[in-house]
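Read-outs throughout are calculated quantities, based only on the coordinates presented, and are distinct from any laboratory measurement. Predicted model, so just to flag it, every value in this text is computed and none were measured. When we count neighbours, we look across all protein chains shown, and the Cβ atoms used for this are built from the backbone with ideal geometry, even at glycine.
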Amino acid sequence: MSRGERSAWRRFLILLALLLVLVVGLFVVSPWPSVLLIRMVFDRGAAQFSQDLEKHIPTGVVEYLGEVYDVADSDGLLDLYLPPPAMRDSNNGSPPLVVWVHGGGAISGSRADIGNYARVLAGYGFAVASVDYTVAPEAQYPTPVRQVNDALAYLASNASRLGFEPDRFVLAGDSAGAHIVAQVANLTVSPDYAQLLGIAPTLKPGQLRALVLFCGPYIMRSSEIGGLGGAFMYTVLWSYSGKRDFESDPYFATANVIEHLTNDFPPAFISAGNADPLLPHSEQLASKLEALGTPVEPLFFAVDHQPPLPHEYQFNLDSEAGQLALSEMLTFVRKHTR
């Protein structure tokens with residue numbers, strides 16, 4: 001190798017080293033690089049779930065897409081799915097409403113991700129609203145909680161026009177959506193918690209009949225999770241709180257909803273797969289509610305269940321576990337919306 005070639009090679013190595021330092025530095029000073037990578041993975045997974053659900057969609061579902069629940073908010077949109085007209089006529093009245101809040105680690109996802117699952121639920125006789133909210137880092141906590149609370153106000157005031165029962169609400173969510181739903185439910189029934197958050201509830205406690213919570217986090221601390229899961233949670237919570245040192249922020253501590261529950265919490269259906277890293281959160285939530293005397297119906301699986309059931313297992317309706325979750329959830333919702 002000539003002197004000129006060695007000099008060019010050294011310059012290349014120096015440039016490569018500087019580039020690596022820059023990339024690593026970006027991950028250290030901002031959550032954005034990690035967020036963009038996570039979004040890419042999550043968006044692909046959501047698209048696959050949605051595609052796999054197409055074969056399960058019934059015919060005749062009525063759709064109101066792009067309802068604006070907040071004209072001042074570009075993300076203040078929701079989609080509504082109603083049962084086929086013949087099913088509504090046979091039930092002699094307006095259906096109860098399931099309000100579903102999508103997951104995505106608080107940093108990705110949209111209401112469209114839930115669209116096909118909502119269509120499936122509508123085929124069983126329920127009205128289903130899928131609500132958008134602003135993900136992080138574009139917006140920080142508690143923006144999504146406020147937005148979902150605002151969406152409930154819009155839905156309650158437009159129930160007659162849209163065709164569902166205004167006094168039979170069920171809040172449902174998956175992953176980060178389950179966390180948001182749990183907070184909205186808690187501020188609805190607990191004046192002390194609403195005051196801590198600084199958010200006035202828009203539903204009356206009697207309107208909120210029950211909760212459906214799949215695969216959610218209910219303790220927002222990354223230090224309790226090791227390995228890649230801990231790194232993922234750190235990115236999520238840094239983005240969502242807007243602070244690197246989020247665990248010492250007293251206001252963000254209100255996001256630890258499991259620490260603020262009372263026996264006024266609504267009846268809850270709680271489930272997670274045996275291979276879900278967030279399973280302990282669901283188990284702890286179910287145990288806490290049982291100790292409080294709140295009606296809770298858990299759906300958990302044996303540790304050695306095969307095949308292992310991952311995060312968001314419930315959306316796989318081609319599996320026995322997904323069908324079981326759907327069946328038990330429908331039974332639970334019917335029981336509490338009679």
Study note, to complete from the structure: Taking the chain and counting helices only, DSSP H stretches of n ≥ 4 at -39,500 (n - 2.57) each over all residues, the nearest-500 ellipticity at 222 nm comes to -14000 deg cm²/dmol
Practice item. Note the angle between two axes, namely the Cα long axis of helix 279-292 and the longest principal axis of the Cα atoms of the chain, as a number of degrees from 0 to 90, rounded to the nearest 10. Key: 40 degrees
Check your understanding: In the set (i) 18.1, 64; (ii) 21.8, 89; (iii) 21.5, 66, which value of Rg and Dmax of the Cα atoms in Å was calculated from the structure you see?
Key -> (ii)
Exercise for review: Could you name the aspartates and glutamates whose alpha carbon sits less than 20 Å from that of Lys288, not counting residues in the same chain fewer than 8 places away?
Suggested key: Asp174, Asp192, Glu224, Glu259, Asp264, Asp276, Glu297
Point to revise | Among Pro166, Asn186, Gln48 - extreme Cα towards positive end, dipole of the chain, charges at beta-carbon | key: Gln48
Study note, to complete from the structure: Between Arg168 and residues 5 or more places away or on another chain, the pairs with built amide H atoms under 5 Å apart involve Leu97
Revision key, fill the gap. Computed over region 181-338, the relative contact order (Cα-Cα under 8 Å, seq sep at least six) in percent reads 24 percent
Check your understanding: In degrees between 0 and 90, to the nearest 10, how far off the longest principal axis of the chain does helix 143-157 point, with axes built from Cα atoms?
Key -> 20 degrees
Point to revise | For the chain: relative contact order, % (alpha-carbon pairs under 8 angstrom, 6 or more apart) | key: 14 percent
Review point. Taking K and R as +1 and D and E as -1, what net charge do the other residues with C-beta under 13 Å from the C-beta of Tyr193 add up to?
Key: -3
Exercise for review: Quick one: which residues, 5 or more positions from Asn256 or on another chain, have an amide H under 5 Å from its amide H? H modelled 1.01 Å from N in the peptide plane, none for Pro or chain starts.
Suggested key: Met220
Point to revise | Radius 12 Å from Cβ of Leu203, net charge of other residues (Lys, Arg +1; Asp, Glu -1) | key: +1
**Study point:** Total charge dipole magnitude, the chain, about the Cα centre, Cβ charges on Lys, Arg, Asp, Glu only, Debye to nearest 20
**Key:** 680 debye
